[in-house]
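Every number here is computed from the coordinates shown, using simple stated rules; none is lab data. Please read these numbers as outputs of a predicted model, since none were measured by experiment. Don't worry about glycine lacking a Cβ; one is built from the backbone with ideal geometry, like all the others, and counts go over all protein chains shown.
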Amino acid sequence: MKKYLIRVYITSEEVGLVVNDAIDTHLLSLTNSFDGANGILAIYDGKISSKGLKLLIALGVKYLPLDNYEDFTITCPCCGERIDDDMILTDYSENVLSGYNINCNRGDCGTQMAHVEFLLD
């Protein structure tokens with residue numbers, strides 16, 4: 001079964017409980033965790049199956065794929081254009097810890113939280 005490396009954004013206590021339950025039940029295998037900033041409580045990186053990812057999506061958990069980009073459509077919420085790989089923020093800067101994950105260089109979009117669609121629904 002294919003596994004995906006994803007970054008999950010803990011935006012509320014409820015989302016934190018859902019994600020922690022996914023970790024406790026081995027649905028999400030945690031690889032990194034960071035304290036968030038500016039309204040993001042925490043950021044978790046981990047491996048998850050497509051079934052687990054579909055469950056997190058159904059529960060409204062914000063995420064960004066960090067591999068297997070061909071299985072996702074990642075677009076800018078500002079201009080709607082597809083995001084190129086080099087526009088994805090991969091460091092753990094203040095922007096990333098604040099929930100921003102792309103830097104769209106089309107128009108005046110700038111740093112945003114990407115719109116992500118899983119194509120294997």
Inset, instruction - Among the candidates Gly39, Gly16, single out the residue that is of a type outside the set (D, E, K, R), surrounded by fewer than 17 Cβ atoms within 10 Å (Cβ to Cβ) and part of a loop (DSSP other than H, G, I, E, B). - result: Gly39
Legend entry - Unmet requirement for Asn103, which otherwise passes all of (1) under 28 Å from Asp24 (Cβ atoms); (2) part of a strand (DSSP E or B): (1)
Inset, instruction - Could you check Pro77 against (1) out of contact with any Leu (no Cβ under 8 Å at 6 or more places or on another chain); (2) surrounded by 14 or more Cβ atoms within 10 Å (Cβ to Cβ) and say which number it fails? - result: (2)
Legend entry - Of all residues making up segment 85-103, the number that are small (Gly, Ala, Ser) and either surrounded by 18 or more Cβ atoms within 10 Å (Cβ to Cβ) or in contact with a Gly (Cβ under 9 Å, 6 or more places away or on another chain) (or both): 2
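Could you grab me the full set of residues in segment 42-64 that are surrounded by 15 or more Cβ atoms within 10 Å (Cβ to Cβ) and either among the small types (Gly, Ala, Ser) or in a loop (DSSP other than H, G, I, E, B) (or both)?
Of everything in segment 42-64, those that are surrounded by 15 or more Cβ atoms within 10 Å (Cβ to Cβ) and either among the small types (Gly, Ala, Ser) or in a loop (DSSP other than H, G, I, E, B) (or both) turn out to be Ala42, Gly46, Ser49, Ser50, Gly52, Val61.
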Legend entry - Condition broken by Asp67, with the remaining ones in (1) closer than 17 Å to Leu119 by Cα; (2) buried (at least 17 other Cβ atoms within 10 Å of the Cβ) satisfied: (2)
Inset, instruction - Please verify whether segment 26-35 includes one or more residues that are touching a residue at least 24 places away in the same chain (Cβ under 8 Å), within 21 Å of Lys2 (Cα to Cα) and aliphatic (A, V, I, L, M). - result: yes
Legend entry - Every residue from segment 19-36 that is in contact with an Asp or Glu (Cβ under 8 Å, 6 or more places away or on another chain) and either part of a helix (DSSP H, G or I) or small (Gly, Ala, Ser) (or both): Ser33
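Does Arg82 satisfy the condition of being surrounded by 14 or more Cβ atoms within 10 Å (Cβ to Cβ) and among the charged types (D, E, K, R)?
No: the conditions fail for Arg82.
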Legend entry - Where Glu94 falls short, out of the listed (1) over 27 Å from Met1 (Cβ atoms); (2) touching a residue at least 60 places away in the same chain (Cβ under 8 Å): (2)
Legend entry - When residues of segment 65-91 are limited to those that are in contact (Cβ under 8 Å) with a residue 24 or more places away in the chain and in a strand (DSSP E or B), the one nearest to Thr11 (Cα to Cα): Pro65
